[in-house]
Every structure is written in structure tokens, then in C-alpha cells.
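Contents: one structure, followed by commentary.
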Amino acid sequence: MNEIKIFDIKTTKVEHSKVNEIDLDNVTMGFNFTDHMFVCDYENGQWQNPRIEPLELIPTHPAAMALHYGQAIFEGMKATLGKNGNALLFRPDENAKRLNHSADRMGMPLFPEDLFVEALKQFTALEKNWIPSKVGSALYLRPFMYADEPFIGMRAATSYKFIVMASPAGPMYSRKIKLFAEKKYVRAVNGGTGEAKAAGNYAAAIRPTEYAKANGYDQVLWLDPYNFEYIQEVGTMNIFIKIGGKFVTPDLSGSILSGITRMSVIDLLRSKGFEVTERPITISEIEDASNNGTLEEAFGTGTAVGIAMIEEIGNNDLAIKFPENNPVSVMVNDTLNAIKVQDIKDEFGWIVETK
Ligand code: COI
């Protein structure tokens, strides 16, 4: 890996910020973008020219390899405002590691992790005015890497771009959600790309998600590709189920995304005295727990969704319903939100100041 020194990031600022055109108290993630972007080029075997510049269109050759062979990966992060108005990041080092895990699987170059964290700090500090202050809102950060070499043929590209952009985001769900246990399409098989945050994984999920939504569900619950029994993850989240007082979440089998919210929730629940087991769990076990009265709560975890409380899982023609009260899910949501805005002490060392 080449050595770019962190002080090499060149910043060119916009003349006029667009931030005043947006009502940050009422934003929906993904529609509005901040003034700047961070860009770094990979050429001749080296990451070079790290820079923050005004957000603009990127000229793309029609043969850019990402468009044809899908060498495209991304991360999701959120920045919040701390007590003295400074911008905070949540475990950016974990995103840096996961990006490289994805890059490795997709035959892409690794990105220097210290540069990743420094770039995110400088970029977020610059875009601080775009961070919504409402509880549960945040500035969603989207680091991504794609192959921009123009070439027709099947091999790893030799040139890439790493970019970070940002979009102010309100809470994704303000109600409980319904999942559809998918028994026709699959998300991931062992040895595939399920553990990578690869754009193609999301592309393959779009049609099944549309079908689920057309039938009144919010997201797809993916099952194992062999017997459609073991639960894997949900469209944009990992999943936790509380049965008989204990939490279970599917273990990272190699085909499940290693969620940063997931790992944080495991630590948080354990610190509060809950037992959390990472193990294979079947949809039948959840159905049995529902039938014998031991099914207590379920929620999804993800950067974009935060904590999404689950109301129901549609399994064949049956609706597995969760009890209305879900006090632990609420506690997890509130605690994470409070840590992220420094309302309570961050005992875990997750929060990173940007300046
Ligand atoms: C995230 O939670 O950051 C994601 O990547 C989900 C995204 C597809 C909206």
C-alpha cells in the first residue's frame, strides 16, 4: 500500500453553500447532497491526489469497468453533532476495515485505513453545517470505490476512484416494520459476495424487495439458499430476535454483512446484562417461539435504519407477529442515539471527534 500523508489532502471550497436551501429538520435521506466530496484516484498501482472539492458530475467513459463487471463497493456511516457543536463520527475505523474487506473480495485495491479516517474527519468537519440536530437524524456519509478504467474484458481494473459524499438524513422508519421471508430468491451463498458491501448484492435484491413491498412488506428477510430455513439478514440490516429473555442474531457465516451497528448492539446489550448469542437460527424456531409464547422482540440494525423495530414476519401464508411492547429495542435505540449526540457517556470509545 502506498504512503499518502494525511496532510496531503487538498481542499477547494464552494463559494456559496447550498445548506440554507434545505430544511434539515425535515429531510429524507438520499435526495439532497452536501456541497463537497472527497475524491482519491488509484492509478499506476498507487492511491494519489486525495482532495476535497465541490460536488460535481464525474466524467465517466462508457467502458468504465464498474458499469460492466460490477467492481463497485460502498460503506454507510453517519455523522452527528456533539455537545459543543462539533461533528462526530461513529467507529470510522470499522468502516475503513470493512471497505478493505469488500475491496479484497472484489479484486479491488485496498484503501489506506488511516487516510480513510482522516478524509472522513476533514470532510465531515467541513460539512458540519449540514448535520441535522433532531434526535435520530444525522448526516449520512457514503464512501464508495469503483473501477473507472475504460476496458472491455474480464480482469481486475487498473484504475479506480474512491469518493465520499454526504446526504442529510431523517429517521428512516418512524413506525414498526414488516418483513417478508423470501423463499424464491436468495441473497448470498457461502463463497459468494454476501459478506462484501458490493453494489451487485443490492442490485440483486431490488426486484424481490419490490415484490415484497407490493404485498405490504417493508423489507425482505433473506433465508439460506439451500433449504430456505436459516435466517441471514434483512434488506438493509442485520437482525436480532429476543426469545425467552435472550437475544439471538445470525452468526457471521461468511455470507452475512458484518454490520457495525450489529457489533455495537451486541456489546451494548451484553453491557446491560443481556445474553446475546450469535448462532444459526431458523424461521421455524421463530415460529415455534411465537406459538409457545416465548417470542418477545425483534429489531433490525443498520447505519441507514439505525434500529428498526419489527412488527411482523410474513412466512408463507402465516404472519409471525411480535408482541406490541418492545422495551429492550426502545432502550437500545435510545441509548445509541444518546451516545451519538453525547447525551450520555460513550463508555465504549465509539465516538470520534472531527476537530
Ligand atoms: C446503510 O445502512 O448504510 C446501507 O448501506 C443501506 C443502504 C442500502 C441504504
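Results, tabulated for the structure shown:
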{"read-out": "Lone qualifier among Phe180, Phe111 - being over 21 Å from Asp35 (Cα atoms), surrounded by 16 or more Cβ atoms within 10 Å (Cβ to Cβ), among the hydrophobic types (A, V, I, L, M, F, W, C) and in contact with a Gly (Cβ under 6 Å, 6 or more places away or on another chain)", "value": "Phe180"}
{"read-out": "Matching option when the condition is among the aromatic types (Phe, Trp, Tyr), surrounded by 13 or more Cβ atoms within 10 Å (Cβ to Cβ) and within 16 Å of the ligand (Cβ to nearest atom), among Phe322, Phe299", "value": "Phe299"}
{"read-out": "Number of positions in the range 34-50 that are crowded, with 17+ Cβ neighbours inside 10 Å and either in contact with a Cys (Cβ under 8 Å, 6 or more places away or on another chain) or assigned to a loop (DSSP other than H, G, I, E, B) (or both)", "value": "4"}
{"read-out": "Failed criterion for Glu285 (all others in (1) within 16 Å of the ligand (Cβ to nearest atom); (2) under 18 Å from Leu221 (Cα atoms) hold)", "value": "(1)"}
{"read-out": "Condition check for Ala87: within 22 Å of Thr261 (Cβ to Cβ), within 16 Å of the ligand (Cβ to nearest atom) and either of a type in the set (A, V, I, L, M) or in contact (Cβ under 8 Å) with a residue 40 or more places away in the chain (or both)", "value": "no"}
{"read-out": "Filtered residues of the range 97-108 (kept if surrounded by 19 or more Cβ atoms within 10 Å (Cβ to Cβ) and not hydroxyl-bearing (Ser, Thr, Tyr))", "value": "Arg98, Leu99, Asn100, Ala103, Met106, Met108"}
{"read-out": "Flag if Glu233 is assigned by TED's automatic domain parsing to the domain that holds Leu318, within 16 Å of the ligand (Cβ to nearest atom), in contact with a Pro (Cβ under 9 Å, 6 or more places away or on another chain) and under 18 Å from Ser329 (Cβ atoms)", "value": "yes"}
{"read-out": "Long-range neighbours under 8 Å by Cβ, at least six apart or interchain, first residue closer than 14 Å to Gly85 by Cβ within the range 122-139, second in a helix (DSSP H, G or I) and aromatic (Phe, Trp, Tyr)", "value": "Leu139/Trp130"}
{"read-out": "Among the residues listed as Asn129, Asn100, Asn84, the single one being over 19 Å from Gln342 (Cα atoms) and among the polar types (S, T, N, Q)", "value": "Asn100"}
{"read-out": "Wholly enclosed strands (runs of 3 or more DSSP E) of the range 273-348 bearing at least 1 residues acidic (Asp, Glu) and under 25 Å from the mean Cα position of the chain (by Cα)", "value": "276-278, 295-302, 306-315"}
{"read-out": "Identity of the residue in the range 121-149, assigned to a helix (DSSP H, G or I) and among the basic types (Lys, Arg), that ends up surrounded by the fewest Cβ atoms within 10 Å (Cβ to Cβ)", "value": "Lys128"}
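The values are calculated or read from the model by the stated rules, or taken from the named source; none is laboratory data. Values in this document were obtained by computation on a predicted structure and should not be read as measured data. As a convention, Cβ positions derive from the backbone with ideal geometry for all residues, glycine included, and neighbour counts pool all protein chains shown.
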